[in-house]
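S.K.: Would you mind keeping the following structure in view while I ask a few things?
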Amino acid sequence: MSNPILDIRDLHIALPPHADRPFAVQGLDLSIERDEIVCVVGESGSGKSLTGRAVMRLLPGPHVRATKGVIQFGGEDLLQVSEARMRSIRGARIAMIFQEPMTALNPLMTIGEQIDELVRIHRREPASKRRERARDILDDVGLPDPAKMLDAYPHEMSGGQRQRAMIAMALILEPELIIADEPTTALDVTTQAQILRLLKELQAKHHTGVLYITHDFGVVADIADRVVVMHNGLQVESGVADEVLNRPQEAYTRKLIAAVPSLTPGQRQAYDENDTALETQDLRKTFHTGGGLFGIGGRQVDAVRDVSIRLYRGTTLGVVGESGSGKSTLARLIVRLLEADSGSIMLDGQDQRALGRAELRKFRKRVQMVFQDPFGSLNPRYRVGRLISEGMIIHGTSTSEARRRTAELLELVGLETSAAGRFPHEFSGGQRQRIGLARALALDPEILVADEPVSALDVSVQAQVLKLLDDVRDRFGLSMLFITHDLRVAAQICDHIAVMSKGEVVEYEPTSRLFADPRHSYTRELLGSVPGRDWVVPDLT
């Protein structure tokens, strides 16, 4: 490094006394030059996000704090400067883009007010010039109708628009360093691709250094100049992106890269085209929002429009598309958590929409769902054993048999039987997803509907859960409807894929055929937006 704008040496960040290890970050060395993007990669708990917060002096003290090391920026050690000096640096010279803009943005202030507040604190400019500057930066980040967006509140914007607004706030004062903490993790691939392209363009335009925190190696392949890999607070490998991605030296890095799903579809097992597990015909659902008395003046959203799909027995059907495409609504219609306006859901030749209450109870036993957010779908007041066994007991299984079966299911999904006595908050995200799967399997379903079950998981945990789903499907003879926006995941686990856009299925093909020869322009756009599409995951076996 010739003259880095950020130079971190021997950084130690202590954890509270009751934590599982003494340091969140231990002995980290990291430098960033102007015009350079350095990606810090690692699983949850690796210390990568706390590293970014340490640079901003935003650690959740007093128990989580930097106890040793130097963070050199512009000739000053940020760990030693006064809080007043740090406030003058934060936002003006170093800016941060947070993972979840909805929690980082003030819901009571318009986007224009929040940008104006930042400029007003650091620059003495008239209000008219500040507003013009804010409008220009919103235009730079690609927000439609910037003048209108200045007066919008965060809840009135989409996820991608809120993230663009966060980037605009980070860039408004042309900082020398931007820290981006998982800024595209929850976004669709097309929006993600736009944000990454935008970040690179603006970084080059303003000659900014970027510290980009992520667990997505596809993103790393697209934007990184150098890569730092972290594990349990330790820096295990670092180097130029090409070397780390294609010729990793450390076992942990090799393990992470080996867990990245390939975009080349795997070989799937044969199936009987005459054996249909479930079929929808012309399924439709419309939502009505807003409006005054009697709904006059409200908005109508066709969430699912005449959707006809077929799930073959023993196979996995993937439903892919962006947020708002209707894929999660379709899943909820199929499991009868929402009622369709019209169309049919055929199971064994019978339309399940016509079922009475008693028959619906039997249907729910046959069709179970694994939700995207296991923490939100598991009752926090119940222990895991009760969460898994409750459904069995409701359907007539004795308490002793339900307990025995619960122990079997916990072992099946890779958890200790002692987990039955603990609460959901005592587990990691991947473990909670396994609990959700065990609960769904407790009733011996024929069909499993999985709604984005791995979207929030680290790549290695994701690989474990995907393998588990595949194994469980084969062991129990399940048929699976798999909702996802991750085409890498879809390529590896799905036999067929239905592509949804604006409530409609625009393409429906066997997975290998769809990836080899996508017919619809929207499908081609999705495939072209996959992070790291041009990076061939190396065979590290």
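The values are calculated or read from the model by the stated rules, or taken from the named source; none is laboratory data. Just so it is clear, the model here is predicted, and its values are computed rather than measured. No Cβ is skipped: glycine too gets one built from the backbone with ideal geometry, and neighbour counts run over all protein chains shown.
S.K.: Within segment 299-334, restricting attention to residues that are among the basic types (Lys, Arg) and part of a helix (DSSP H, G or I), which residue is surrounded by the fewest Cβ atoms within 10 Å (Cβ to Cβ)?
M.R.: Here the residue is ARG332.
S.K.: Restricted to segment 86-101, and to residues that are among the hydrophobic types (A, V, I, L, M, F, W, C) and not in a loop (DSSP other than H, G, I, E, B), which residue is nearest to GLY52 (Cα to Cα)?
M.R.: MET96
S.K.: Report, by residue number, each residue of segment 460-484 that is under 22 Å from the mean Cα position of the chain (by Cα) and assigned to a helix (DSSP H, G or I).
M.R.: SER460, VAL461, GLN462, ALA463, GLN464, VAL465, LEU466, LYS467, LEU468, LEU469, ASP470
S.K.: Find all pairs meeting these conditions: Cβ atoms under 7 angstrom apart; at least six residues apart or on different chains; first residue within segment 429-458 and under 12 Å from ILE388 (Cα atoms) and β-branched (Val, Ile, Thr); second residue at pLDDT below 90 and outside any helix (DSSP H, G or I).
M.R.: ILE435/LEU378; ILE435/PHE427
S.K.: Return the residues of segment 400-436 that are among the basic types (Lys, Arg) and loosely packed, with under 14 Cβ neighbours inside 10 Å; say none if nothing qualifies.
M.R.: Residue satisfying the conditions is ARG404 alone.
S.K.: Separate question: Select, from PRO518, PRO510, the only residue that is surrounded by 17 or more Cβ atoms within 10 Å (Cβ to Cβ), more than 21 Å from ALA259 (Cβ to Cβ) and in contact with a strand residue (DSSP E or B) (Cβ under 8 Å, 6 or more places away or on another chain).
M.R.: From the options PRO518, PRO510, the qualifying one is PRO518.
S.K.: Do any strands (runs of 3 or more DSSP E) entirely within segment 205-295 hold 2 or more residues that are within 30 Å of ASP348 (Cβ to Cβ), and if so, which?
M.R.: 276-289
S.K.: Do you know which residues across segment 118-144 are surrounded by 15 or more Cβ atoms within 10 Å (Cβ to Cβ) and within 21 Å of LEU177 (Cβ to Cβ)?
M.R.: Within segment 118-144, LEU118, VAL119, HIS122, ARG133, ILE137, ASP140, VAL141 meet the criteria.
S.K.: Restricting segment 469-485 to residues that are at pLDDT 85 or above and closer than 26 Å to PHE217 by Cα, which is surrounded by the fewest Cβ atoms within 10 Å (Cβ to Cβ)?
M.R.: The selected residue is ASP471.
S.K.: Right, ALA331: of a type outside the set (D, E, K, R), within 29 Å of VAL301 (Cβ to Cβ) and touching a strand residue (DSSP E or B) at 6+ places or on another chain (Cβ under 7 Å) or not?
M.R.: yes
S.K.: Separate question: Filter segment 521-541 down to residues that are surrounded by 15 or more Cβ atoms within 10 Å (Cβ to Cβ) and of a type in the set (Gly, Ala, Ser) and give me whichever is nearest to LEU245 (Cα to Cα).
M.R.: GLY532
S.K.: For residues in segment 386-399 being within 21 Å of PHE476 (Cβ to Cβ) and small (Gly, Ala, Ser), which is surrounded by the fewest Cβ atoms within 10 Å (Cβ to Cβ)?
M.R.: GLY396
Listed here are the residues, each with its yes/no results for (1) closer than 22 Å to TYR271 by Cβ; (2) among the polar types (S, T, N, Q).
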| residue | (1), (2) |
| --- | --- |
| ARG404 | no, no |
| ARG432 | no, no |
| ALA438 | no, no |
| GLN464 | no, yes |
| ASP474 | yes, no |
| ALA490 | yes, no |
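S.K.: Let me ask another. Within segment 242-265, track down each residue that is over 23 Å from the mean Cα position of the chain (by Cα) and surrounded by fewer than 20 Cβ atoms within 10 Å (Cβ to Cβ).
M.R.: ASP242, GLU243, ASN246, ARG247, GLN249, GLU250, ALA251
S.K.: Only one of LEU347, LEU410, LEU360 is within 30 Å of the chain's Cα centre (by Cα) and either at pLDDT below 95 or closer than 30 Å to GLY45 by Cβ (or both). Can you tell me which?
M.R.: Selected residue: LEU410, the only one of LEU347, LEU410, LEU360 that is within 30 Å of the chain's Cα centre (by Cα) and either at pLDDT below 95 or closer than 30 Å to GLY45 by Cβ (or both).
S.K.: Taking ARG405 as the residue in question, decide whether it is in a helix (DSSP H, G or I) and under 33 Å from the mean Cα position of the chain (by Cα).
M.R.: When the stated conditions are applied, ARG405 passes them.
S.K.: Right, next: Could you go through segment 449-459 and let me know if any residue there is farther than 23 Å from THR280 by Cα and in a helix (DSSP H, G or I).
M.R.: Yes, the conditions are met somewhere in segment 449-459.
S.K.: Say we look at segment 102-141 and pick out the residues that are under 25 Å from GLY52 (Cβ atoms) and among the polar types (S, T, N, Q); which of these is nearest to the chain's Cα centre (by Cα)?
M.R.: By that ranking, first place goes to THR103.
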